[in-house]
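**Student:** Please see the structure below; I have some questions.
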Amino acid sequence: MHRAGLGHAGAWRIICLPQLLPNRILGIVRREKPVSGAQSNAAMNDLSYRFTARRRLRTRLDSLPPRKPVLIVLHQEHSTPGRVGRLIAERGHALDIRKPRFGDPLPQTMRDHAGAVIFGGPMSANDPDDFVKAETDWIGVCLKEDAPFLGLCLGAQMLARHLGASVYTHAEGRAEIGYYPLSLTEAGHADATATGCIWPDTVYQWHREGFDCPTGAECLATGGDFPVQAIRTGSKAYGLQFHPEVTLAMMCRWSVRAHERTLMPGAQLRHQHLEGWYQYDPPVRAWLDGFLDHWLKEPAKQDSIA
């Protein structure tokens, strides 16, 4: 088991190299044309925001009462919970990071946790690996105890599988890699009204499998090649096909290390990812901030830093 903020091996850290060296890093990742002055200024402004937010976060955490940790389930050795982890920490919750793929156990009850997030990964919810089945089955603990649960990409597909729905590849081999439109259903509009969260209309995707809406769950949002993009079961369990946790550093890393995915049918080239970030990320960040308040049952913040 790994906990954020500790100095031992395995603790995660967020290192934002693209924000520290925007011209140099973005110029390497995107060779098609140089980074514009506006993009460079936007990256530097984002860096200034992060430093300011960190100082304000320290002040806020000092004034918060102790809160239960949030369980974070990751699937690769060097994965991080990205922006979701940072925003949860800003709310005073420690991050209990576990990686069942590498032998970490999952709790038998959610009594000692404020919620659980299962993140994405390169594997499939249909894979026969023991840890995939164990995680999928374990989701029942959250549902039985009505504990807040959030599945992102693979985590959403695991939720769908647990509820009896199918997870499958696109019939024409298409993928969603990059930014794609998101449309709310009637249930999604009702959820937005109830939670006070304005959903973004374009979100970042990185997947080549989708899922059906399980019986008993509500489809909150739809997309193009993969119609089901967000589901909710009960009041506290959500599955999102997209990646609201992604940071600019994560986007650069994914689009370089898994460059071949950006060449799949339906996928966008990596320079389109970076252009999309500056256009589409602010509404995603604003929505995620409000969504996590609702999901964790936080009172409205007087001084938002996200």
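Throughout, read-outs are computed from the coordinates displayed, never taken from laboratory work. All figures in this text were calculated on a predicted structure; none of them were measured in a lab. Every residue, glycine as well, gets a Cβ built from its backbone with ideal geometry; the counts of neighbours run over all protein chains shown.
**Student:** Determine the sum of side-chain charges near GLU260: Lys and Arg each +1, Asp and Glu each -1, restricted to other residues whose C-beta is under 13 angstrom from that of GLU260.
**Tutor:** Cβ neighbours under 13 Å give a net charge of +4.
**Student:** Moving on. State, to one decimal in nm, how far the label point of THR215 lies from the label point of ALA171, with both points 7 Å from Cα in the Cβ direction.
**Tutor:** Result: 2.3 nm between the two label points.
**Student:** Now a separate question. Length gain on complete extension for the stretch ASP201 to HIS78, per 0.36 nm per residue less the alpha carbon to alpha carbon distance?
**Tutor:** Result: 41.3 nm gained on full extension.
**Student:** Another one. Would you kindly state how much longer the chain becomes between GLU186 and MET123 on full extension, computed as 0.36 nm times their sequence separation minus their alpha carbon distance, in nm to one decimal?
**Tutor:** The GLU186-MET123 span can extend by a further 19.5 nm.
**Student:** Follow-up. Assuming R0 = 22 Å, what is the FRET efficiency of ASP104 and LYS144, from their Cβ-Cβ distance, to the nearest 0.05?
**Tutor:** 0.55
**Student:** Also: Filter the cross-link list LYS68/LYS144; LYS68/LYS236; LYS99/LYS297; LYS68/LYS133 down to pairs whose alpha-carbon distance in this structure exceeds 21 Å.
**Tutor:** Beyond 21 Å between Cα atoms: LYS99/LYS297; LYS68/LYS133.
**Student:** What per residue convex hull volume, in Å³, comes out for region 150-246 when only alpha-carbon positions are used?
**Tutor:** 88
**Student:** Follow-up. Return the FRET efficiency for the residue pair ARG67, SER235: r is the Cβ-Cβ distance, R0 is 25 Å, and the value is rounded to the nearest 0.05.
**Tutor:** Computed FRET efficiency for ARG67 and SER235 comes out at 0.80.
**Student:** Continuing with this model, one more query. HIS207: net charge of surrounding residues, Cβ under 14 Å, Lys/Arg +1, Asp/Glu -1, itself excluded?
**Tutor:** -1
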